[in-house]
Amino acid sequence: MNFAQKYCTKHTIPTDAYEETVLRITLRPAARVIRPILNLNYDYFAVDRHFIRRVGLLTSLADFNGEAEDFVQDPRNRDFLHRTLRLRVSRRRLRSLVRETLKDAHN
């Protein structure tokens, strides 16, 4: 099972709610507060959703850093709001979530 499947099983959420749930809990605090405004730009969180989707396919924490590096390097993630104001997903929070979920699945 991959991370998304294990996360959904652990938290008893439908698999189609994975992306939105993880986005909501891994957004940085400032992004959470002004999310309704950011959502006016339909694809503002597209790069974040792509990152969460890719991480959902992981079966090992060892592969997380490669996905995180791709997220950082993505050109859509280099604008002022994402890069400077950091209105985006927290890689640290997502890594923590992956670590906790995959660790629990091994017990």
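With (1) touching a residue at least 60 places away in the same chain (Cβ under 8 Å); (2) under 24 Å from residue 1 (Cβ atoms); (3) not basic (Lys, Arg) as the list, and residue 27 as the residue in question, which single condition is left unmet?
(2)
Look through segment 11-68, keep the residues that are of a type in the set (A, V, I, L, M) and touching a strand residue (DSSP E or B) at 6+ places or on another chain (Cβ under 9 Å), and return whichever of them is nearest to residue 87 (Cα to Cα).
Pass one, segment 11-68, residues of a type in the set (A, V, I, L, M): 13, 17, 22-23, 25, 27, 30-31, 33-34, 37-38, 40, 46-47, 52, 55, 57-58, 61-62, 68.
Then keep just the ones that are touching a strand residue (DSSP E or B) at 6+ places or on another chain (Cβ under 9 Å); that gives 22-23, 27, 31, 47, 52.
Details: 22: 15, 23: 12, 27: 8, 31: 5, 47: 12, 52: 15 Å.
Across segment 11-68, the extreme among qualifying residues is 31.
Quick one: which helices (runs of 4 or more DSSP H) lie wholly within segment 8-107 and hold at least 2 residues that are touching a helix residue (DSSP H, G or I) at 6+ places or on another chain (Cβ under 6 Å) and either at pLDDT below 95 or surrounded by 14 or more Cβ atoms within 10 Å (Cβ to Cβ) (or both)?
Where helices (runs of 4 or more DSSP H) fall fully within segment 8-107 and carry at least 2 residues being touching a helix residue (DSSP H, G or I) at 6+ places or on another chain (Cβ under 6 Å) and either at pLDDT below 95 or surrounded by 14 or more Cβ atoms within 10 Å (Cβ to Cβ) (or both), they are 18-26, 46-56, 64-73, 91-106.
Per-residue answers, yes or no, for (1) touching a residue at least 40 places away in the same chain (Cβ under 8 Å); (2) in contact with a Gly (Cβ under 9 Å, 6 or more places away or on another chain); (3) under 25 Å from residue 5 (Cβ atoms):
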site	(1), (2), (3)
37	no, no, no
49	no, no, yes
56	yes, no, yes
61	yes, no, yes
66	no, no, yes
72	no, no, no
77	no, no, no
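The values are calculated or read from the model by the stated rules, or taken from the named source; none is laboratory data. Note that the structure is predicted; figures quoted are calculated from it, not measured. Ideal geometry is used to build each Cβ from the backbone, glycine not excepted, and the neighbour counts take in all protein chains shown.
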